[in-house]
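In what follows, a single structure is set out as structure tokens and then discussed.
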Amino acid sequence: MSMVMPKMNYLAEPKGLWSWIVTYDHKRIGLLYLAAITLFFAIAGFLAILIRTELLYPGQDIMDANTYNQVFTLHGAIMIFLFIIPSIPAALGNFVLPLMIGAKDVAFPKLNLASWYIYVFGSIFAIYSILASAVDTGWTFYTPYSTTTGTAVISMTLGAFILGFSSIFTGINFIVTVHKMRAPGMTWYKLPLMIWALYATALIQVMATPVLAITLLLLVLERWLGVGIFDPALGGDPVLYQHFFWFYSHPAVYIMILPALGIISELIATFSHKKIFGYKFIAYSSLAIAFTSFLVWAHHMFTSGQSELAAMIFSFITFFVGVPTGIKIFNWLLTMYKAQIDLRTPMVYALSFIFLFTIGGLTGIFLGALSVDIHLHDTYFIVAHFHYVMMGGTVIAFLGGLHFWWPKMFGKLYNETAGRIGAAIIFVGFNMTFLPQFVLGSQGMPRRYWTYVDAYQPLHAFSSYGSFILGLGFILVFVYLMHSLIWGRQAPKNIWGSLTMEWETTSPPHPHNFEEDKVLQHGPYDYDKVLIDRDEALTDYGYDTTTGEPGEHRESVAKE
Amino acid sequence: MENEGTVWLPPANSTIAEDVDGLFYWILDTSIIIFAIVILLMAVFTWRYRRRGKDTLTPAKDHNNFLEALWTIIPTGLIMVAFFWGFSGYMKMRVMPLEGTEIKVTGQKWFWSYQYEEGANLTNDFAVPVNKPVTLTMSSADVIHSFYVPNFRIKMDVLPNRYTKVWFEPTHEGVFDVFCTEYCGQAHSEMVGKVHVLSEENYAAWIDSVSRFGEDLPPAELGEILYVKKACVTCHSLDGSIVQGPSFLGAWERDIQLTDGTTAIMDENYLRESIINPRAKIHVGYQPVMPTYQGQLKDYELDGLIAFIKQVKQQTGQ
Ligand SMILES: [Cu+2]
């Protein structure tokens, strides 16, 4: 029995470029997002390599200080606003959310398409305003430094706000869809944890983004009416800007990480083939994190001259973000106990995530502790910490999710061996790049430095070499994924034997997701009751059913 | 007292550093233990429960309130230790000593200046006595900077329109790096100074000499020293190359094109105005980034600089 591509699928129907440009199909919109964020990730990643190359030695290596400052600004702004924030919710989330709850689409398909266009417009606007006025402020745009670069703060905040609007659209869509369009029988506690995470994320998006609008309004008032708000020359308070900035951007950090936690829950359950441990604890910990995320912004400002009382309160609350995060990690570990662990590429990413994200989380404790933070603030320790969380966390989870849903999205299987090697190279390269940066930082190396005192050189060089390996890893992943689109084998409905609903439709899915109306048959993690017979499908692909390893599969791919 | 740096931390050279390091290592050790537990469990389970054949049903055990309580309560307890320890250390940093040396610090693109009560006025490098508390009252002349001495474990933002304070008591003699840690533009990474910690006698002699420094030197010689000490060197070269500002080579008595369309001649008055009030006249082709030296140079020091700039012309004119 050999599988063929289902005739009626969303990739093939309807036809023509125009049908993609005006599509209301959440799956296609997800792919549009996927294409856009991949492009931005490649650009910002390339900038990162430039940064690391410049830092190989003190003094000028490949660019002068001004260029360097613009490059790291562009790297940060693109990665944060154009890549990470939309990566999981807008690209993967758009694709899987309706499928996972058995819906035909999101609640407001037109709004969904609008969000993509707003995102593209906002991205172009933001990049243009950075390039046009050669912005070199870092992605945080702190006043008053940023006000010396002409009107760039206003246009950058406007850019972030436009992008934020696209997040709000996606957020509203997800909230309403989850409330109104779940398949019959799918109660809240039968929702996959990915949905809980996306739901919590959507709440933050809708509530936090308006703060950007307020900031924007204040900036405009100051600039055009001369009301002193942030600019010390007008009697304003530059630190106030930092409060506004972080009041949005700290919750935004959780917009970036919460959906990643959702993906990991799915991967751990599916590839452990076991009922997830502590379902309710994981679900509620997402909401707890979303809630606390609004109350910790000033922990970015412990050295800004804020009052000691404020510092104490913010330090105290900050520590409590750690608890729900720890709860999730231990629940995942316990899920793996007495399980049946299948170490496929997505699972390799999930384990890699636990390793890296635990480091990211634990190093956060150093920064929450006031006296230690004074020493570490604005050093490479911070740089390492947030890369462990954002990249070791979100990007690794994103890749795990991408490899998990790839067969569903495109109906194609990628080369499993290449997948694992790619995951391993990225893991090694990542640690080589960022582990030394913790030491650099605790030794006192400040961030955003174009040059540095000689003592830091060996660790900087090591970190740079690591980043080159990391870059190669990403290129490899890109190459074999593209390869699979053309030469990959046809994927069955449920290659992983997963119990969530998106695996009950064809790969790739029907334009309306499911051919029939869905009714919930079993919970998303009922691996104690339900067994999907996927062995036949697997044998057909040359998988050895006793070891779960890919067998002649690769050769037969080569023959084709 | 321990004064060697470790892999993790630079040498601890102030009274508060030990407490900070203690907490740092406590968190590090605790984290390593927690991390080891997580990774060990993960590795053991991945190996022990690996998939060995066809899919089968797996046990339904999916919650355990005792375990959930355990891994909620233990971490909460641990972070409370970190919180209180960190807060108490922070309060020690924030309560200013009542006595000791007081220095006024100004951060400016892209150098630090230090104004002593004794009258001395220094740029980038400054000195303090060992084992005596020092209080810095800081403000910025332009954007936000941040004053950081890794070996002292202190850091404080330096803001325009507002004073912030930081204090330390050095415990060892030596020379330590001062970094700016709040991004402030092009030469942010070169906004690096040194703090010299001197013994009590050396400090007394030093402060005496810098307070009256240069009065007895020939003006041009004093100017040459100030050219480096006052950071003119970061922006003005002596060999004709253009850094941020025009080179001093052959500058004397040259015609200068100004952005307002007029011309000026580089004479004593133009020089003086350029240094005291640099925004008044801007040389065509340059950004108005030169900081003002108003209040930072005494009259005889200005004379010295002027004499020196004159001489850059003479030397090369030969
Ligand atoms: Cu600075």
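Structure summary
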item: Residue that is modelled with the highest pLDDT, among those in the range B:157-173 that are at the interface with chain A (Cβ under 8 Å from one of its Cβ atoms) and either open to solvent by 20 Å² or more (accessible area, probe 1.4 Å) or in contact with a Lys or Arg (Cβ under 7 Å, 6 or more places away or on another chain) (or both); result: B:R162
item: Residues that are under 20 Å from A:V253 (Cα atoms) and either in a loop (DSSP other than H, G, I, E, B) or touching a Cys at 6+ places or on another chain (Cβ under 6 Å) (or both), drawn from the range A:292-315; result: A:V296, A:M301, A:F302
item: So A:L362, is it surrounded by 24 or more Cβ atoms within 10 Å (Cβ to Cβ), in a helix (DSSP H, G or I) and at the interface with chain B (Cβ under 9 Å from one of its Cβ atoms); result: no
item: Some residue of the range A:58-71 being within 24 Å of A:L399 (Cα to Cα) and assigned by TED's automatic domain parsing to the domain that holds A:G471; result: no
item: Any hit, the range B:82-100, residues being farther than 29 Å from A:A369 by Cβ and more than 10 Å from chain A (Cβ to nearest Cβ); result: yes
item: Boolean, B:L40 is within 24 Å of A:F357 (Cα to Cα), among the hydrophobic types (A, V, I, L, M, F, W, C) and either touching a strand residue (DSSP E or B) at 6+ places or on another chain (Cβ under 8 Å) or surrounded by fewer than 18 Cβ atoms within 10 Å (Cβ to Cβ) (or both); result: yes
item: Any chance A:A455 is assigned to a helix (DSSP H, G or I) and under 30 Å from B:V192 (Cβ atoms); result: yes
item: Out of A:I382, A:I317, A:I374, A:I313, sole residue that is touching a strand residue (DSSP E or B) at 6+ places or on another chain (Cβ under 6 Å) and within 26 Å of A:Y142 (Cβ to Cβ); result: A:I374
item: Residue match in the range A:449-460 (condition: aliphatic (A, V, I, L, M), away from chain B (no Cβ under 14 Å) and over 23 Å from A:G393 (Cα atoms)); result: no
item: Sole residue being over 39 Å from the mean Cα position of the chain (by Cα) and surrounded by 14 or more Cβ atoms within 10 Å (Cβ to Cβ), chosen from B:L67, B:L136; result: B:L67
item: Extreme residue, surrounded by the most Cβ atoms within 10 Å (Cβ to Cβ), among residues of the range B:221-238 that are in contact with a helix residue (DSSP H, G or I) (Cβ under 6 Å, 6 or more places away or on another chain) and farther than 17 Å from B:N124 by Cβ; result: B:G223
item: Yes/no for A:L221 being assigned to a helix (DSSP H, G or I) and over 16 Å from A:Y142 (Cα atoms); result: yes
item: Candidate set from the range A:240-267 (those that are open to solvent by less than 10 Å² (accessible area, probe 1.4 Å) and within 14 Å of chain B (Cβ to nearest Cβ)); member that is farthest from the chain's Cα centre (by Cα); result: A:Y241
item: Subset of the range B:95-125 (residues that are within 16 Å of the ligand (Cβ to nearest atom) and open to solvent by less than 20 Å² (accessible area, probe 1.4 Å)); result: B:V105, B:G107, B:Q108, B:F111, B:W112, B:S113, B:Y114, B:T123
item: One residue from A:Y337, A:Y349 being open to solvent by 10 Å² or more (accessible area, probe 1.4 Å) and either in contact with a Pro (Cβ under 9 Å, 6 or more places away or on another chain) or of a type in the set (S, T, Y) (or both); result: A:Y337
item: Residue match in the range A:316-338 (condition: among the charged types (D, E, K, R), modelled with pLDDT of 85 or more and not in a helix (DSSP H, G or I)); result: yes
item: Condition met for A:D136 (more than 29 Å from A:P508 (Cβ to Cβ), among the charged types (D, E, K, R), assigned by TED's automatic domain parsing to the domain that holds A:G411 and in contact with a helix residue (DSSP H, G or I) (Cβ under 9 Å, 6 or more places away or on another chain)); result: yes
item: Some residue of the range B:148-156 being assigned to a loop (DSSP other than H, G, I, E, B), more than 30 Å from B:G22 (Cβ to Cβ) and within 14 Å of another protein chain (Cβ to nearest Cβ); result: no
item: Sole residue being open to solvent by 50 Å² or more (accessible area, probe 1.4 Å), among the hydroxyl-bearing types (S, T, Y) and within 9 Å of another protein chain (Cβ to nearest Cβ), chosen from B:T56, B:T46; result: B:T56
item: Hits in the range A:322-333 (condition: more than 7 Å from chain B (Cβ to nearest Cβ) and open to solvent by 10 Å² or more (accessible area, probe 1.4 Å)); result: A:P324, A:T325
item: Where A:Y449 falls short, out of the listed (1) part of a loop (DSSP other than H, G, I, E, B); (2) over 30 Å from B:F179 (Cα atoms); result: (2)
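Conditions (1) free of Cβ contacts under 8 Å to residues at least 60 places away in the same chain; (2) over 23 Å from A:T500 (Cβ atoms); (3) not charged (D, E, K, R), marked per residue:
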| site | (1), (2), (3) |
| --- | --- |
| A:V220 | no, yes, yes |
| A:A233 | no, yes, yes |
| A:T270 | no, no, yes |
| A:F277 | no, no, yes |
| A:Y284 | yes, no, yes |
| A:A290 | no, no, yes |
| A:S293 | no, yes, yes |
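Each row is one residue, and each column tells you yes or no for (1) within 14 Å of chain B (Cβ to nearest Cβ); (2) within 30 Å of A:Y68 (Cβ to Cβ); (3) open to solvent by 10 Å² or more (accessible area, probe 1.4 Å).
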site: A:N112; (1), (2), (3): no, no, no
site: A:W116; (1), (2), (3): no, no, yes
site: A:V120; (1), (2), (3): no, yes, yes
site: A:I162; (1), (2), (3): no, yes, yes
site: A:F165; (1), (2), (3): no, no, yes
site: A:T170; (1), (2), (3): no, no, no
site: A:V178; (1), (2), (3): no, no, no
site: A:K190; (1), (2), (3): yes, no, yes
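This table checks each residue for (1) more than 22 Å from A:H300 (Cα to Cα); (2) more than 16 Å from the ligand (Cβ to nearest atom); (3) surrounded by 15 or more Cβ atoms within 10 Å (Cβ to Cβ).
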| position | (1), (2), (3) |
| --- | --- |
| B:V175 | yes, yes, no |
| B:Y183 | no, no, yes |
| B:E201 | yes, yes, no |
| B:D208 | yes, yes, no |
| B:R212 | yes, yes, no |
| B:D216 | yes, yes, no |
| B:P219 | yes, yes, yes |
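The values are calculated or read from the model by the stated rules, or taken from the named source; none is laboratory data. Note that the coordinates shown come from a computational prediction; the quantities given were computed from them, not determined experimentally. Methodologically, a virtual Cβ is constructed for each residue, glycine included, from the backbone with ideal geometry; neighbour enumeration extends over all protein chains shown. Surface areas here come from the heavy atoms of the whole protein model, side chains and all, with no ligands, DNA or RNA. Shrake-Rupley method; radii C 1.70, N 1.55, O 1.52, S 1.80 Å.
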